[in-house]
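A short reminder: the numbers here are calculations on the coordinates, not readings from a lab. Only a predicted model underlies this, so the values are computations on that prediction, with no experimental measurement involved. Cβ placement follows ideal geometry from the backbone for every residue including glycine, while neighbour counts extend to all protein chains displayed.
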Amino acid sequence: MVGRVIPLGGGYSARPISFEAYREACTRLEGRIFGGNWGYAFDPPVKALPPLGETFQWGIFCGKELVGWHHAHQRDERTVYMADTGLLPEHQGQGLYSRLLPHLVDVYREAGYTLVTSHHRATNNRVIIPKLRAGFFIQGLNLYEGGLNVALTLSLDWPYREALHVRSGFRQAAGETARRLGLNLEPSGEEPEPAVPRVPVPETDGEGLDLGDGYILRRVPYEVYWNVYARLEDAAYQSVSFDWASPALRPSPDVPRYAWLVSHAGEVAGWQLSRQWDARTAYMVNTAFLPGHRGRGLYTRLLPVVLDALRAEGYRLVRSHHHATNNAVLIPKLRAGFRIQGLQTDEHGVMAVLIHSFDPVYREYMDARSGLTRPRGEVARRLGLKLRGPEFEGG
């Protein structure tokens with residue numbers, strides 16, 4: 001392959017290596033890197049591998065020592081597949097993957113690819129988060145011999161990237177994206193953005209919690225939240241939901257609800273609503289910030305407060321649904337310990353299902369289900385597995 005040396009800082013670099021050198025490194029080191037994963041051992045294959053097409057390999061070096069690798073190959077006429085990245089445990093946790101990723105994307109763009117795809121175990125947030133930060137979108141989940149995988153795609157074509165937002169329901173189709181989707185939209189002139197209503201913060205008991213930069217978080221009764229939400233909903237969302245033809249015939253279940261308002265300079269800047277989902281689970285229904293208050297880290301600061309409150313209410317799990325391409329919310333959720341658990345299509349679009357567990361054993365259980373780790377210790381006992389050997393002991 002043709003490539004260039006990529007400096008990664010701290011004495012690390014990525015250098016092009018041959019496919020043969022990559023395979024040799026895999027044989028020698030993959031046990032140390034991936035030995036804790038839980039995969040299925042097939043019998044030897046009967047069929048030969050299909051041709052890989054164009055391939056890309058880098059060795060990751062600390063000084064002169066090879067400590068990891070990256071391998072990708074052509075999937076079709078538009079797509080390159082990031083098939084394998086590994087790093088020795090003692091060199092993980094230093095941001096090397098995040099620093100390497102944009103260089104790899106530049107190489108694939110220069111090579112003429114439109115799409116970059118990859119698969120990762122669904123609970124492997126250490127890899128999923130930098131991928132989402134780089135612009136990848138969640139595209140699906142599949143169950144395979146390695147466990148539960150999440151499929152990610154990065155589009156290097158801007159209209160197609162916008163089309164993915166349209167598919168998820170996160171944005172409305174417009175312009176070139178609408179044309180590529182075959183939508184013959186009625187022409188519309190440039191309309192000014194509607195003014196965002198200014199809603200004073202309702203009077204509530206207590207002083208609230210300081211979120212920094214002049215933002216205050218206040219717990220409020222559900223009825224107070226709902227009155228604010230009804231006035232500001234249209235200003236808070238660009239997403240496209242299904243327009244039901246008639247109101248729901250049945251009332252909503254009468255379950256406990258937990259609502260907060262975020263204020264700034266005496267006016268409502270955003271909100272959060274959660275409710276009970278089942279006997280163990282709370283559901284984070286709705287979080288929004290008005291346009292002038294986004295991009296300031298408010299969601300990241302709000303999230304631990306809400307989680308602590310739901311834990312104090314006795315819940316063991318917290319569930320949430322988000323548009324599958326809404327990385328601005330998915331990233332802080334994954335950083336806070338949520339795990340991708342599914343995809344569903346509902347009236348709001350294609351939604352990623354996330355679960356947070358306050359129980360460390362259940363968190364390990366999710367890792368075992370995804371194949372990221374082997375069941376051991378208490379997780380194995382909860383699954384009814386009677387394992388032998390010291391490698392299966394412990395928590």
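Between the listed residues Trp271, Ser241, Thr300, the Cα displaced farthest toward the positive end of the dipole of the stretch 238-301, a dipole computed from Cβ unit charges relative to the Cα centre, is found at Thr300.
Among the chymotrypsin sites (Phe, Trp or Tyr not before Pro) within the stretch 156-254, those in coil by DSSP and having at most 12 neighbouring Cβ atoms inside 10 Å are Phe242, Trp244. For the peptides 54-64, 316-326, the ranking by mean Cβ contacts within 10 Å, running from highest to lowest, is 316-326, 54-64. Rounded to the nearest 20, the size of the Cβ-charge dipole of the chain about its Cα centre is 1120 debye, with Lys and Arg at +1 and Asp and Glu at -1. Extension gain for Leu143 to Ala309 (0.36 nm times residue separation, less C-alpha to C-alpha distance): 56.3 nm.
Counted over the chain, the DSSP beta bridges are approximately 90% antiparallel.
When Glu90, Glu267 are arranged by Cβ crowding within 10 Å, least crowded first, meaning fewest neighbours, the order is Glu90, Glu267. Share of Cα-Cα pairs in the stretch 234-323 beyond 20 Å, in percent? Roughly 46 percent, once rounded to a whole number.
Stretching Thr300 away from Glu54 to a fully extended chain increases their span by 84.5 nm, per 0.36 nm per residue minus the current alpha-carbon distance. Computing Rg and Dmax of the Cα atoms in Å directly from the structure and comparing it against [x] 21.2, 67; [y] 24.8, 93; [z] 23.9, 72 singles out [z].
Spacing of the modelled spin labels on Arg4 and Arg133, each 7 Å from Cα toward Cβ, amounts to 2.3 nm. For the stretch 1-153, rounded, prolate or oblate, judged on the Cα gyration tensor with a ≥ b ≥ c (square roots of eigenvalues), a/c < 1.5 rounded, else prolate if a/b > b/c? Rounded. Taking Val67, Val105, Val46 as the candidate residues, the one with maximal mean-square fluctuation in a Gaussian network model of the chain, Cα springs under 10 Å, is Val46. Sorted on the mean count of surrounding Cβ atoms within 10 Å across their residues, most packed first, peptides 149-157, 299-307, 19-27 read 149-157, 299-307, 19-27. As a calculated quantity, the FRET efficiency between Leu88 and Gln238 at R0 = 56 Å, using C-beta atoms, amounts to about 0.80.
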